[in-house]
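Asks: Okay, handing you the structure first.
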Amino acid sequence: MFGTNKLVLILPLFLMVFLFVGGAIYVNQAEEISNENLSEEVEWEKSFSENESGSTLEASWNWGIMPDDGMQGTDYIGVTLLDANGDPISGEEIKTYELTLHQNDEADIIEEGQVVENGILFSFPNEMQENQTIGDSGSLHVSHNGDNLPEQAVISYLHTWEDHGGLDSQDARFFNRDFVGKNQNDESFFWVMETFEDLNQMEAD
């Protein structure tokens, strides 16, 4: 009789321990992600609006989780503004552009972009420095001033997780992506994602 009662007490305790340990293992496995699959976790906040002289794009990104295979390489973000026909507006019509990398305990890092034929191209480090992550979160500002008002903005994000000699091609949408020191058909160390935002036009008086 005593043995039966003891068993009744032990079984629920054993079951609770089993569920706790199993749940902890599941959560740890669920939170693990590699750089190759990181694109599924990147979160964006965007605003694209008309102003008196043209349009302004504000956007920010955050990985939300750190890849278990570390941070290494250089990342690139391209901004392309599309007109009513879906054609890219010349990068020469983009007047101001700036990208900011956010850090927890240190001052933000400002990166200047480069004007290319179909927009603006930013490059920035993707690394860990003295327990500070660089490249996993940031924001960008792009302001257009011209007669050809865009209808849509495209943000193209190219993420790498290996050291390389830099991006040799100058394409803000990364349709052409040639890396110094890498074979042209080697796509084992990067991915490209795009996010679109329609222009929020001012209401007429």
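The values are calculated or read from the model by the stated rules, or taken from the named source; none is laboratory data. Here the structure is a predicted model, which means the values were calculated and not measured. Glycine also receives a Cβ, built like all others from the backbone with ideal geometry; neighbour counts cover every protein chain displayed. Remember, those area values only see protein heavy atoms, side chains included, never the ligands or the DNA or RNA. Shrake-Rupley method; radii C 1.70, N 1.55, O 1.52, S 1.80 Å.
Asks: Filter segment 18-44 down to residues that are among the hydroxyl-bearing types (Ser, Thr, Tyr) and modelled with pLDDT of 95 or more and give me whichever is nearest to the chain's Cα centre (by Cα).
Replies: Looking at residues that are among the hydroxyl-bearing types (Ser, Thr, Tyr) and modelled with pLDDT of 95 or more, I get 39.
Asks: In segment 97-135, how many residues are within 16 Å of residue 71 (Cβ to Cβ), assigned to a strand (DSSP E or B) and free of Cβ contacts under 8 Å to residues at least 24 places away in the same chain?
Replies: Going through segment 97-135 one residue at a time, the tally reaches 1.
Asks: Across segment 158-205, what is the total count of residues that are exposed (fewer than 13 other Cβ atoms within 10 Å of the Cβ), in contact with a Phe, Trp or Tyr (Cβ under 8 Å, 6 or more places away or on another chain) and of a type outside the set (D, E, K, R)?
Replies: Looking only at that region, the number is 3.
Asks: So how many residues does segment 38-86 have that are closer than 25 Å to residue 117 by Cβ, aliphatic (A, V, I, L, M) and surrounded by 15 or more Cβ atoms within 10 Å (Cβ to Cβ)?
Replies: Within segment 38-86, residues that are closer than 25 Å to residue 117 by Cβ, aliphatic (A, V, I, L, M) and surrounded by 15 or more Cβ atoms within 10 Å (Cβ to Cβ) number 6.
Asks: In segment 148-205, which residues are of a type in the set (A, V, I, L, M, F, W, C) and not in a loop (DSSP other than H, G, I, E, B)?
Replies: Correct list: 153, 154, 155, 158, 167, 179, 190, 191, 192, 193, 196.
Asks: A further question follows. If a residue has to be hydroxyl-bearing (Ser, Thr, Tyr), open to solvent by 30 Å² or more (accessible area, probe 1.4 Å) and over 16 Å from the mean Cα position of the chain (by Cα) to count, how many in segment 118-154 make the cut?
Replies: Adding up the residues that qualify gives 0.
Asks: Against the condition of a type in the set (D, E, K, R), at pLDDT 95 or above, open to solvent by 10 Å² or more (accessible area, probe 1.4 Å) and closer than 19 Å to residue 151 by Cα, how does residue 95 come out, does it pass?
Replies: No; evaluated as a whole, the condition is false for this residue.
Asks: Okay, moving on. Scan segment 45-84 for residues that are over 19 Å from residue 154 (Cβ atoms) and within 16 Å of the chain's Cα centre (by Cα) and jot them down.
Replies: Once the filter is applied, which keeps residues that are over 19 Å from residue 154 (Cβ atoms) and within 16 Å of the chain's Cα centre (by Cα), segment 45-84 yields 62, 63, 64, 65, 66, 67, 70, 71, 72, 73, 74.
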